[in-house]
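The values are calculated or read from the model by the stated rules, or taken from the named source; none is laboratory data. Not measured: the values here are computed from a predicted model. Heads up, the Cβs are rebuilt from the backbone with ideal geometry, glycines too, and the neighbour counts pull from every protein chain shown. These accessible areas exclude ligands, DNA and RNA; they are computed on the full protein's heavy atoms, side chains included. Shrake-Rupley method; radii C 1.70, N 1.55, O 1.52, S 1.80 Å.
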Amino acid sequence: KLGNETVKAELGRATWKYFHTVMARFPEKPTEDQKEALRSYIYLFARLYPCGECAEHFMQHLSKYPPQVSSRNAASGWACFVHNEVNAMLGKPEFDCANLGESYDCGCGGDEEGSEG
Ligand code: FAD
């Protein structure tokens, strides 16, 4: 039982790191196609998340707080907010979303346009 919880937490940490990094690299001025790609990605991410119970909770969060995809700031702020909703549900402290910048630098160098560039 403890083993399962540890593995679930590890998956969560790795996933959140990746999820917030995707948002931090989303274009500041996305095209309609890029916005639609991020929206689809978020819904599929939720649906396919390997922990079924987590996926179910997260899809409920999504229907309450639909993904914000209009810009990098909107997307990363939204992701921070929904992660805080999960934190609250699990009795974890709230993360200060003003600290996002330092936390999710992917080390991708001068590739300013992100993965789409
Ligand atoms: P995590 O919540 O994993 O966070 C990792 C690090 O991210 C933190 O140390 C902090 O530096 C940073 N961080 C924290 N909050 C934020 C934020 N708001 N924005 C940006 N960065 C932040 N576990 C369950 O038991 N039940 C569930 O239903 C459940 N649902 C989940 C749904 C999803 C989509 C994901 C990705 C994970 C889910 N988890 C769930 C796992 C859970 O959220 C944690 O990942 C796990 O409990 C480990 O927690 P942690 O305290 O190490 O920090």
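A Cβ distance below 6 Å, combined with a sequence gap of six or more or placement on separate chains, defines the contacts here; from segment 72-100, residues that are more than 19 Å from Ala9 (Cβ to Cβ) reach residues that are surrounded by fewer than 14 Cβ atoms within 10 Å (Cβ to Cβ) in the pairs Arg72/Glu28. Close contacts from segment 6-26, counting a first residue that is within 17 Å of Lys92 (Cα to Cα) and a second that is open to solvent by less than 60 Å² (accessible area, probe 1.4 Å) and modelled with pLDDT of 95 or more, with Cβ to Cβ under 7 Å and a gap of 6+ residues or different chains, come to Trp16/His83. Restrict the check to segment 44-56 and report whether at least one residue is without any contact (Cβ under 8 Å) to a residue 60 or more places away in the chain, in a helix (DSSP H, G or I), within 12 Å of the ligand (Cβ to nearest atom) and under 11 Å from the mean Cα position of the chain (by Cα). Yes, because at least one residue in segment 44-56 is without any contact (Cβ under 8 Å) to a residue 60 or more places away in the chain, in a helix (DSSP H, G or I), within 12 Å of the ligand (Cβ to nearest atom) and under 11 Å from the mean Cα position of the chain (by Cα). Within 16 Å of the ligand (Cβ to nearest atom) and of a type outside the set (A, V, I, L, M): is that true of Gly109 in this structure? So Gly109 fails the test.
If the condition is being part of a helix (DSSP H, G or I), of a type outside the set (Phe, Trp, Tyr), open to solvent by 60 Å² or more (accessible area, probe 1.4 Å) and more than 8 Å from the ligand (Cβ to nearest atom), then segment 1-43 contributes Leu2, Asn4, Thr6, Val7, Ala14, Glu32, Asp33, Glu36, Arg39. Annotation: of all residues in segment 57-70 being assigned to a loop (DSSP other than H, G, I, E, B) and open to solvent by less than 60 Å² (accessible area, probe 1.4 Å), the one that is farthest from Ala24 (Cα to Cα) is Pro67. Can you tell me which condition Glu85 does not meet? The list is (1) more than 7 Å from the ligand (Cβ to nearest atom); (2) open to solvent by 70 Å² or more (accessible area, probe 1.4 Å); (3) of a type in the set (Asp, Glu), and all the others hold. Here Glu85 clears every test but (2).
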